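What follows is a structure written as structure tokens; I'll ask about it next.
Read-outs: derived from the displayed coordinates by stated rules, not from any lab. Please read these numbers as outputs of a predicted model, since none were measured by experiment.
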Amino acid sequence: MSTQDPRRIDAALARLPEWQPPPGFAMRLAALASEGAANHRYLWLPAVLRGGGIAACVSVGAWLTGELLAALLSPVPGGDEVLAWTLAAGSLFLAWHLARRQRLFHA
Amino acid sequence: MEDSDAELVRRCLAGDQAACARLVSRCARMAGTVIWRAVRDRELVDDLCQETFLRAFRALGSFDGRARLSTWICSIAHRVAMDELRRQKRRPQFSAGELRDEPPLEEDGAAGQLADPLALAISDEEAARVHAALDSLPERYRLPLAYAALQELGYDDIAMMLGIPVGTVKTLVFRGKALLRERLAT
């Protein structure tokens, strides 16, 4: 049988090395986790700061874009309504995208 | 007797340090192996595995029991490994979105579980050749194949870790093996 035999490939893959935790790894991490739990009430702080930063950027961006579009669309009938909806949708999309990129909601 | 996942999580959240240690003992080997197979650098595994469990403990309150605890932690381990690869600018060549586009495999061509490793004795040299060929595969095939070789991880676990459908995982494993055979033939 050659190395191209599917069963031999499976057997070789099953022999890929596996990591073994060093001695004391679990106890050390448990202690770190307990320390972290003691500071648990402050864990929301970085997320709030990052979220605040994102919100500020989005607001300024939306305001500047709004000013620009308002100047361009002012002669168009119904332009204000289109502008308002576009800005609202754009801001929501941008905030969602930035929050996702920043992994605010993931472990 | 072993605690159930829910009981273990409840005790960890209550601040039981022994329960936290038991959780780490139960899942560390799998999480570390997932990281090792993703980043392929043994030196990084200890730190990244530690980072995985610290993230897991921080997010433990959001564990809803829909997946096994070990699968949930392996998903975090995979994300930690991907973050590391991004940090190193060795960006993986696929994203979950890309993988979703993989066309489905015909039903009778579905990849089977890997064969029983004990059924065949192969030489170290032969195994090393296969491992080297695996390393040369594109990430989109290498990772599902390397994860599927872990006995404890089923296709549904890998699907959850990679954020893609189970059928796509089967397809990638099947095509990865075919590619591996091609590389070994040359």
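From zero up to wherever the largest Cα-Cα distance of region B:1-92 sits, split into 10 Å bins and tell me the percent of pairs in each.
Values per bin, smallest distances first: 17, 49, 25, 8, 0.
Whole angstrom only: what separates the Cα centroid of region B:11-85 from the Cα centroid of region B:122-172?
19
Determine ³J(HN,Hα), in whole Hz, for all residues of region B:12-19 in sequence, where each value follows from phi through the Karplus function 6.51 cos²θ - 1.76 cosθ + 1.60 and θ = phi - 60°; x replaces Gly and Pro.
Here the 3J(HN,Hα) series is 4, 5, 7, x, 6, 5, 5, 5 Hz.
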